[in-house]
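First comes the structure, then the notes that go with it.
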2 protein chains.
Amino acid sequence: MAAYAVGWRDVGGTPAPGASPGKGVRQTLAVLGAEAAGAPGKAGVPGAVAVELVHAFSLLHDDLMDGDETRRGRPALWAAYGTGPAVLTGDALFALAVRTVALTPDGVAPAAMRRLSVALSGLVHGQARDLAAEDRPWHGAGAVDTGEYAVTAELKTGSLLGCAVATGALLGGADDDTVDALDAMGRHAGVAFQLVDDVLGIWGDPAETGKPVHGDLRRRKKSYPVLAALAGGGRAARELRGLLAESGPPSSGANGRNGGAARSRDGGEEDRRVARVAALTEAAGGRAAALAEAARRLGAARACLRAVPLAPGPAHALDRLLTRLYGRTC
Amino acid sequence: MAAYAVGWRDVGGTPAPGASPGKGVRQTLAVLGAEAAGAPGKAGVPGAVAVELVHAFSLLHDDLMDGDETRRGRPALWAAYGTGPAVLTGDALFALAVRTVALTPDGVAPAAMRRLSVALSGLVHGQARDLAAEDRPWHGAGAVDTGEYAVTAELKTGSLLGCAVATGALLGGADDDTVDALDAMGRHAGVAFQLVDDVLGIWGDPAETGKPVHGDLRRRKKSYPVLAALAGGGRAARELRGLLAESGPPSSGANGRNGGAARSRDGGEEDRRVARVAALTEAAGGRAAALAEAARRLGAARACLRAVPLAPGPAHALDRLLTRLYGRTC
């Protein structure tokens with residue numbers, strides 16, 4: 001099941017050498033972190049492995065908690081094998097990540113362990129905030145605002161990106177200031193990544209994202225563009241508030257479960273509703289606000305890179321990685 | 001939810017100062033481990049905290065996987081709050097355990113982390129073996145034998161007891177040989193503890209154990225006494241094999257869900273069946289075999305205590321703790 005979770009095998013256990021186990025952003029960050037500290041990239045490999053194991057663990061448990069039935073075009077592990085096995089497989093990956101860091105040299109293990117434990121707590125804290133946000137109103141007393149959203153995004157996505165590059169640098173022998181700066185870079189990059197993801201989740205091309213049109217709107221996700229639009233004072237924001245206040249529970253097509261077929265048969269009204277929410281969110285400036293904040297975070301990430309002495313080649317590669325994360329919206 | 005899991009609050013969040021958060025065996029072992037190494041007991045406290053957090057995490061996830069709806073006389077956390085929150089609360093406790101060990105002094109943190117990671121892997125491995133055993137036959141090809149059972153018990157119960165006392169000693173400054181001997185002591189004690197638990201799960205007084213009469217037999221648990229009885233060659237063993245081979249799925253009273261009321265109304269046949277299984281298990285020597293193996297493990301644990309130099313008072317206290325674990329059957 002762990003081999004299925006990381007994309008190495010299919011549900012029946014057959015090796016699936018062509019299956020994509022994700023984009024490898026975190027592993028790349030860890031290896032570049034070590035190289036940026038002047039060490040060979042392989043010095044960062046235990047960090048890459050540990051962070052990827054934690055990432056796989058968190059996707060696995062999050063899919064179960066969120067009821068998401070697909071992951072990277074395949075059944076989510078809990079949907080394929082059951083709830084209990086998915087919980088246990090996640091725990092096994094978690095334990096293996098701890099073991100991977102515990103086996104690094106004694107000189108760096110305590111610091112690496114502390115970085116990993118902060119990231120772990122951050123992931124759990126972010127997921128708890130995310131689950132709690134689902135039950136809160138879109139607007140008015142108790143509503144989630146964009147500032148809170150950014151904190152959640154930093155915890156859920158930034159913690160582990162920061163941990164990846166920081167642990168790589170740490171294993172590569174970087175000093176505390178450098179490690180901290182790279183951690184901050186990864187955190188900003190994580191928020192930018194999440195904001196771009198939010199824009200793609202509403203306006204992305206399904207052929208490129210692999211997700212259904214307006215998927216995040218169908219599942220009532222409190223994403224940054226909608227929250228930013230709701231905060232506006234104009235006519236579009238007012239209409240959006242009204243539309244969201246009267247909207248019911250998510251459609252059966254939520255979480256990308258149904259693809260397009262069910263919608264075209266009986267989801268016409270829902271299609272029109274989410275298209276209107278998307279148009280109003282854009283008219284009220286939500287899309288522009290999300291992209292502007294992503295650009296600001298990207299700039300902050302770049303500033304972290306420039307704030308400390310790094311090996312030029314790897315620093316340039318980190319910079320290009322940041323550009324690619326943001327460039328997904330073009 | 002974490003406060004509920006460790007017994008500090010009730011389901012609604014009200015402090016429950018009288019609620020028992022367990023017997024405290026693991027924390028006691030950690031503190032005695034430090035004292036046995038000649039250090040103040042408080043040196044072992046981070047180990048006690050980390051191990052208790054891991055224990056709480058594993059009970060929480062195990063209850064969810066096993067479908068056990070009660071824990072220490074209260075609803076299991078997943079039954080009280082739901083599956084997703086139970087998964088996340090377990091993850092949070094796990095992350096906090098890692099953090100607790102990561103924050104110990106650099107001189108001992110790597111070794112303590114490695115001990116904890118071995119125990120974590122052991123718990124997961126043991127639970128995986130336990131779940132797999134459920135689907136295996138009682139007898140014949142592919143059956144579970146008592147040797148395999150002991151390995152599972154050492155992983156599920158012994159790993160963490162060994163980790164508790166070993167980590168306490170490690171934090172107290174003990175050398176590797178002493179730490180290893182105490183780890184082995186805890187592992188043997190864990191198997192003995194599990195064997196005594198198995199005997200109590202079949203023949204224990206419900207008023208004392210808090211569990212239903214013959215509970216483990218109703219839920220078809222592959223416990224040591226039954227496995228040992230099945231391995232025998234006599235008439236009772238043969239009848240037992242036949243009875244278990246023809247037995248169906250667990251009754252609705254399995255997992256202690258129903259107490260006695262449902263059984264007395266419609267479970268007469270099941271009552272007679274499990275009483276016969278208990279009688280045959282005893283007649284075929286299963287109870288005696290379990291107690292003999294527990295006594296052997298207890299002796300092995302004591303031998304570990306005597307094999308290394310320890311502070312006499314704490315060593316004596318550890319010895320008495322072993323006696324109490326075994327004495328539960330008297």
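The values are calculated or read from the model by the stated rules, or taken from the named source; none is laboratory data. Only a predicted model underlies this, so the values are computations on that prediction, with no experimental measurement involved. In this analysis, Cβ positions are derived from the backbone assuming ideal geometry, glycine residues included, and neighbour counts consider all displayed protein chains.
Assorted remarks:
- Odd one out for B:Pro312, checked against (1) at pLDDT 95 or above; (2) under 26 Å from the mean Cα position of the chain (by Cα): (2)
- Total residues in region B:224-241 satisfying the condition of being touching a residue at least 40 places away in the same chain (Cβ under 8 Å) and outside any helix (DSSP H, G or I): the figure is 3.
- A:Ser117 meets the conditions (1) among the small types (Gly, Ala, Ser); (2) within 8 Å of chain B (Cβ to nearest Cβ); (3) in contact (Cβ under 8 Å) with a residue 12 or more places away in the chain in every case but one. The failed one is (3).
- Against the criterion of being β-branched (Val, Ile, Thr) and at pLDDT 95 or above, A:Val25 does not qualify.
- Taken over region B:122-153, the criterion of being under 21 Å from A:Tyr81 (Cβ atoms) and touching a residue at least 24 places away in the same chain (Cβ under 8 Å) is satisfied by B:Leu123, B:His125, B:Gly126, B:Gln127, B:Arg129, B:Asp130, B:Leu131, B:Ala133, B:Glu134, B:Arg136, B:Thr152.
- Only listed residue being part of a loop (DSSP other than H, G, I, E, B) and buried (at least 24 other Cβ atoms within 10 Å of the Cβ), chosen from B:Ala141, B:Ala174: B:Ala174
- Screening B:Gly41, B:Gly33 for residues that are under 29 Å from B:Leu322 (Cβ atoms) and touching a residue at least 12 places away in the same chain (Cβ under 8 Å) leaves exactly one candidate, B:Gly33.
- Only one of B:Ala174, B:Ala164 that is modelled with pLDDT of 95 or more, touching a Lys or Arg at 6+ places or on another chain (Cβ under 8 Å) and under 16 Å from B:Gly47 (Cβ atoms): B:Ala164
- A:Asp130 being assigned to a helix (DSSP H, G or I), modelled with pLDDT under 95 and not polar (S, T, N, Q): yes
- Residue within region B:117-125 that is modelled with pLDDT of 95 or more, more than 15 Å from A:Gly90 (Cβ to Cβ) and not small (Gly, Ala, Ser) present: yes
- Of the helices (runs of 4 or more DSSP H) lying entirely inside region A:11-114, those carrying at least 3 residues that are within 9 Å of chain B (Cβ to nearest Cβ) and within 20 Å of B:Leu60 (Cα to Cα) are A:45-66, A:83-102.
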